[in-house]
Amino acid sequence: MIKESLEQVQNKITAACERVGRDPSEVTLIAVSKTKPNATLMEAYQAGARVFGENKVQELVGKIEALPSDIEWHMIGHLQRNKVKYIAGKVAMIHSVDSFRLAEEINIQAKKRGIIIPILIEVNIGEENSKFGVLAEDTPELVRQAAELDGISIKGLMTIAPYVVDPEENRPLFHKIKDLSLDIEREKLDNVSMHVLSMGMTNDYEVAVEEGATMVRVGTAIFGERDYNKG
Ligand SMILES: *Cc1c(COP(=O)(O)O)cnc(C)c1O
(Lines give C-alpha, C1' and ligand atoms only; values in the text may rest on other atoms or scores of the structure.)
Protein backbone atom coordinates (compact mmCIF):
# COMPACT_ATOMS: atom_id res chain seq x y z
CA MET A 1 0.00 0.00 0.00
CA ILE A 2 1.38 3.35 -1.04
CA LYS A 3 0.23 5.11 2.12
CA GLU A 4 2.20 2.70 4.31
CA SER A 5 5.25 2.83 2.03
CA LEU A 6 5.26 6.62 2.11
CA GLU A 7 5.06 6.60 5.90
CA GLN A 8 7.84 4.06 6.11
CA VAL A 9 10.16 6.11 3.89
CA GLN A 10 9.32 9.27 5.80
CA ASN A 11 10.03 7.51 9.10
CA LYS A 12 13.40 6.29 7.83
CA ILE A 13 14.27 9.82 6.76
CA THR A 14 13.35 11.07 10.22
CA ALA A 15 15.44 8.35 11.86
CA ALA A 16 18.43 9.12 9.61
CA CYS A 17 18.14 12.80 10.55
CA GLU A 18 18.02 11.93 14.24
CA ARG A 19 21.15 9.79 13.96
CA VAL A 20 23.16 12.80 12.78
CA GLY A 21 21.35 15.58 14.64
CA ARG A 22 19.53 17.05 11.66
CA ASP A 23 16.02 18.49 11.64
CA PRO A 24 13.79 16.25 9.46
CA SER A 25 12.03 19.33 8.12
CA GLU A 26 15.25 20.06 6.18
CA VAL A 27 14.66 17.02 3.98
CA THR A 28 12.06 16.91 1.23
CA LEU A 29 10.89 13.56 -0.02
CA ILE A 30 10.34 13.61 -3.79
CA ALA A 31 8.06 10.77 -4.83
CA VAL A 32 9.50 9.56 -8.13
CA SER A 33 6.46 8.47 -10.09
CA LYS A 34 7.93 7.77 -13.54
CA THR A 35 6.19 4.98 -15.49
CA LYS A 36 3.36 4.89 -12.93
CA PRO A 37 -0.21 5.66 -14.01
CA ASN A 38 -2.07 8.74 -12.80
CA ALA A 39 -4.30 6.63 -10.53
CA THR A 40 -1.22 5.47 -8.65
CA LEU A 41 0.00 9.04 -8.26
CA MET A 42 -3.43 9.98 -6.96
CA GLU A 43 -3.16 7.28 -4.34
CA ALA A 44 0.06 8.89 -3.13
CA TYR A 45 -1.57 12.31 -3.35
CA GLN A 46 -4.45 11.14 -1.19
CA ALA A 47 -1.92 9.86 1.31
CA GLY A 48 -0.46 13.36 1.50
CA ALA A 49 2.32 13.41 -1.12
CA ARG A 50 2.59 16.79 -2.84
CA VAL A 51 6.09 16.65 -4.34
CA PHE A 52 6.62 14.40 -7.35
CA GLY A 53 9.58 13.76 -9.63
CA GLU A 54 9.54 12.65 -13.25
CA ASN A 55 12.35 12.06 -15.73
CA LYS A 56 10.68 12.37 -19.14
CA VAL A 57 9.25 15.59 -20.53
CA GLN A 58 6.23 14.15 -22.31
CA GLU A 59 5.15 12.02 -19.37
CA LEU A 60 5.74 14.91 -16.98
CA VAL A 61 3.63 17.35 -18.99
CA GLY A 62 0.80 14.84 -19.32
CA LYS A 63 0.76 14.24 -15.60
CA ILE A 64 0.89 17.94 -14.77
CA GLU A 65 -2.20 18.49 -16.91
CA ALA A 66 -4.11 15.55 -15.46
CA LEU A 67 -3.33 15.85 -11.75
CA PRO A 68 -4.19 18.41 -9.03
CA SER A 69 -2.61 21.83 -9.40
CA ASP A 70 -1.17 21.92 -5.86
CA ILE A 71 1.41 19.27 -6.74
CA GLU A 72 5.01 20.48 -6.92
CA TRP A 73 6.75 18.85 -9.89
CA HIS A 74 10.48 18.23 -10.21
CA MET A 75 12.26 17.42 -13.46
CA ILE A 76 14.93 14.94 -12.43
CA GLY A 77 15.88 13.30 -15.73
CA HIS A 78 18.21 14.16 -18.57
CA LEU A 79 16.80 17.16 -20.41
CA GLN A 80 17.30 17.99 -24.08
CA ARG A 81 17.51 21.65 -24.93
CA ASN A 82 14.68 21.50 -27.48
CA LYS A 83 12.30 20.26 -24.79
CA VAL A 84 12.92 22.92 -22.15
CA LYS A 85 10.09 25.02 -23.56
CA TYR A 86 7.51 22.38 -22.67
CA ILE A 87 8.30 22.40 -18.96
CA ALA A 88 9.41 26.00 -18.34
CA GLY A 89 7.07 27.56 -15.80
CA LYS A 90 5.48 24.22 -14.96
CA VAL A 91 8.09 22.68 -12.69
CA ALA A 92 9.36 23.81 -9.31
CA MET A 93 12.93 22.85 -10.14
CA ILE A 94 15.09 21.33 -12.87
CA HIS A 95 17.60 18.99 -11.22
CA SER A 96 19.57 17.91 -14.26
CA VAL A 97 21.51 20.87 -15.60
CA ASP A 98 24.89 19.61 -16.72
CA SER A 99 26.02 22.01 -19.43
CA PHE A 100 26.17 25.73 -20.00
CA ARG A 101 24.20 25.34 -23.23
CA LEU A 102 21.31 23.75 -21.34
CA ALA A 103 21.47 26.48 -18.68
CA GLU A 104 21.35 29.09 -21.47
CA GLU A 105 18.27 27.52 -23.02
CA ILE A 106 16.48 27.41 -19.64
CA ASN A 107 17.43 31.06 -19.21
CA ILE A 108 15.94 31.95 -22.60
CA GLN A 109 12.68 30.15 -21.85
CA ALA A 110 12.47 31.76 -18.40
CA LYS A 111 12.98 35.25 -19.79
CA LYS A 112 10.30 34.71 -22.45
CA ARG A 113 7.88 34.03 -19.61
CA GLY A 114 9.18 36.67 -17.22
CA ILE A 115 10.04 34.07 -14.60
CA ILE A 116 13.11 32.75 -12.83
CA ILE A 117 13.60 28.99 -13.00
CA PRO A 118 15.28 27.26 -10.03
CA ILE A 119 17.88 24.74 -11.12
CA LEU A 120 20.41 22.31 -9.72
CA ILE A 121 23.72 21.38 -11.32
CA GLU A 122 23.94 17.62 -11.89
CA VAL A 123 27.30 16.28 -10.84
CA ASN A 124 28.62 12.97 -12.14
CA ILE A 125 30.17 11.92 -8.89
CA GLY A 126 30.55 8.22 -9.64
CA GLU A 127 32.33 9.25 -12.85
CA GLU A 128 32.29 6.21 -15.17
CA ASN A 129 28.95 5.02 -13.81
CA SER A 130 26.72 7.69 -15.26
CA LYS A 131 26.79 9.27 -18.66
CA PHE A 132 25.14 12.49 -17.53
CA GLY A 133 26.32 15.17 -15.18
CA VAL A 134 29.37 17.39 -15.05
CA LEU A 135 32.54 16.11 -13.40
CA ALA A 136 33.15 17.37 -9.86
CA GLU A 137 36.30 19.20 -10.92
CA ASP A 138 34.39 21.07 -13.65
CA THR A 139 31.41 21.96 -11.46
CA PRO A 140 32.63 25.25 -9.91
CA GLU A 141 33.36 26.68 -13.36
CA LEU A 142 29.93 25.69 -14.70
CA VAL A 143 28.30 27.25 -11.63
CA ARG A 144 30.25 30.50 -12.17
CA GLN A 145 29.22 30.66 -15.82
CA ALA A 146 25.57 29.79 -15.18
CA ALA A 147 25.40 32.31 -12.34
CA GLU A 148 25.60 35.05 -14.96
CA LEU A 149 22.21 34.03 -16.36
CA ASP A 150 19.54 35.94 -14.48
CA GLY A 151 16.57 33.88 -15.72
CA ILE A 152 17.79 30.95 -13.67
CA SER A 153 18.57 30.62 -10.02
CA ILE A 154 21.12 28.04 -8.93
CA LYS A 155 19.91 26.33 -5.76
CA GLY A 156 22.44 23.56 -5.31
CA LEU A 157 23.71 20.25 -6.63
CA MET A 158 22.17 16.96 -7.67
CA THR A 159 23.76 13.59 -8.18
CA ILE A 160 22.79 10.08 -9.18
CA ALA A 161 25.08 7.78 -7.28
CA PRO A 162 26.01 4.42 -8.79
CA TYR A 163 23.86 1.43 -8.02
CA VAL A 164 25.61 -0.50 -5.29
CA VAL A 165 24.56 -3.51 -3.22
CA ASP A 166 25.75 -1.94 0.01
CA PRO A 167 24.64 1.71 0.24
CA GLU A 168 27.59 2.41 2.54
CA GLU A 169 29.73 2.29 -0.60
CA ASN A 170 28.11 5.54 -1.71
CA ARG A 171 28.74 7.38 1.55
CA PRO A 172 32.11 8.81 0.41
CA LEU A 173 30.50 10.05 -2.80
CA PHE A 174 27.69 11.83 -0.93
CA HIS A 175 30.28 13.30 1.38
CA LYS A 176 32.27 14.53 -1.62
CA ILE A 177 29.21 16.28 -3.08
CA LYS A 178 28.49 17.96 0.24
CA ASP A 179 32.11 19.18 0.40
CA LEU A 180 31.90 20.40 -3.17
CA SER A 181 28.76 22.38 -2.32
CA LEU A 182 30.52 23.97 0.66
CA ASP A 183 33.50 24.93 -1.53
CA ILE A 184 31.16 26.59 -4.03
CA GLU A 185 29.18 28.30 -1.28
CA ARG A 186 32.40 29.89 0.01
CA GLU A 187 32.75 31.73 -3.32
CA LYS A 188 29.59 33.68 -2.40
CA LEU A 189 28.52 34.13 -6.00
CA ASP A 190 25.51 36.26 -6.79
CA ASN A 191 22.56 34.15 -7.86
CA VAL A 192 24.00 30.98 -6.32
CA SER A 193 22.96 29.25 -3.14
CA MET A 194 23.96 25.72 -2.23
CA HIS A 195 21.04 24.97 0.08
CA VAL A 196 19.75 22.06 -1.96
CA LEU A 197 21.51 18.73 -2.21
CA SER A 198 19.40 16.34 -4.25
CA MET A 199 20.87 12.91 -3.62
CA GLY A 200 19.73 9.51 -2.48
CA MET A 201 17.36 7.03 -4.10
CA THR A 202 15.55 3.92 -2.85
CA ASN A 203 18.75 2.03 -2.29
CA ASP A 204 20.76 4.68 -0.50
CA TYR A 205 18.59 7.59 0.66
CA GLU A 206 19.21 6.98 4.35
CA VAL A 207 22.97 7.26 3.88
CA ALA A 208 22.43 10.32 1.67
CA VAL A 209 20.38 12.00 4.42
CA GLU A 210 23.09 11.24 6.96
CA GLU A 211 25.55 12.94 4.61
CA GLY A 212 23.45 16.07 4.14
CA ALA A 213 20.84 15.47 1.42
CA THR A 214 18.01 18.02 1.49
CA MET A 215 16.02 16.28 -1.25
CA VAL A 216 15.81 12.55 -1.72
CA ARG A 217 14.30 11.11 -4.89
CA VAL A 218 12.57 7.86 -4.04
CA GLY A 219 10.55 5.77 -6.47
CA THR A 220 10.66 2.04 -5.93
CA ALA A 221 10.35 2.15 -2.13
CA ILE A 222 7.09 4.09 -2.50
CA PHE A 223 5.51 2.76 -5.67
CA GLY A 224 7.11 -0.67 -6.08
CA GLU A 225 9.16 -1.93 -9.00
CA ARG A 226 8.74 -0.23 -12.37
CA ASP A 227 7.60 -2.18 -15.41
CA TYR A 228 9.27 -0.73 -18.49
CA ASN A 229 7.88 -3.40 -20.82
CA LYS A 230 4.25 -2.63 -20.28
CA GLY A 231 2.17 -1.18 -23.14
C1 LIG B 1 14.16 6.74 -11.23
C2 LIG B 1 14.94 7.79 -10.56
C3 LIG B 1 14.99 7.87 -9.17
C4 LIG B 1 14.28 6.91 -8.24
O5 LIG B 1 14.87 5.66 -8.27
P6 LIG B 1 14.42 4.50 -7.21
O7 LIG B 1 15.61 3.64 -7.15
O8 LIG B 1 13.24 3.84 -7.81
O9 LIG B 1 14.11 5.16 -5.94
C10 LIG B 1 15.71 8.91 -8.61
N11 LIG B 1 16.37 9.81 -9.37
C12 LIG B 1 16.35 9.75 -10.72
C13 LIG B 1 17.09 10.78 -11.49
C14 LIG B 1 15.64 8.75 -11.35
O15 LIG B 1 15.62 8.71 -12.70
Sort out which residues of the range 18-33 are in contact with a Cys (Cβ under 9 Å, 6 or more places away or on another chain) and either within 15 Å of the ligand (Cβ to nearest atom) or among the β-branched types (Val, Ile, Thr) (or both), and write them in order of number.
27
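Within the range 176-211, can you find the residues that are in contact with a His (Cβ under 8 Å, 6 or more places away or on another chain) and of a type in the set (Gly, Ala, Ser)?
Residues of the range 176-211 in contact with a His (Cβ under 8 Å, 6 or more places away or on another chain): 198, 211.
Correct list: 198 only.
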Flag for residue 139 being away from the ligand (no atom under 12 Å from the Cβ) and among the polar types (S, T, N, Q)
yes
Going residue by residue through the range 160-179, is there one that turns out to be part of a loop (DSSP other than H, G, I, E, B), modelled with pLDDT of 95 or more and away from the ligand (no atom under 16 Å from the Cβ)?
no
Looking only at the range 185-229, which residues are of a type in the set (D, E, K, R) and either without any contact (Cβ under 8 Å) to a residue 24 or more places away in the chain or under 13 Å from residue 16 (Cβ atoms) (or both)?
185, 186, 188, 204, 206, 210, 211, 225
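What is the residue count in the range 23-46 for residues that are in contact with an Asp or Glu (Cβ under 8 Å, 6 or more places away or on another chain) and either among the charged types (D, E, K, R) or within 19 Å of residue 220 (Cβ to Cβ) (or both)?
Within the range 23-46, the first condition is being in contact with an Asp or Glu (Cβ under 8 Å, 6 or more places away or on another chain), and the residues that meet it are 24, 32-35.
Remaining after also requiring either among the charged types (D, E, K, R) or within 19 Å of residue 220 (Cβ to Cβ) (or both): 32-35.
Count: 4.
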Residue count for the range 187-231, restricted to those that are away from the ligand (no atom under 16 Å from the Cβ), of a type in the set (A, V, I, L, M), surrounded by fewer than 21 Cβ atoms within 10 Å (Cβ to Cβ) and not in a loop (DSSP other than H, G, I, E, B)
1
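The values are calculated or read from the model by the stated rules, or taken from the named source; none is laboratory data. Just so we're clear, the structure is a prediction, and the values are computed from it rather than from any experiment. Positions of Cβ are backbone-derived with ideal geometry, glycine not excepted, and every protein chain shown enters the neighbour counts.
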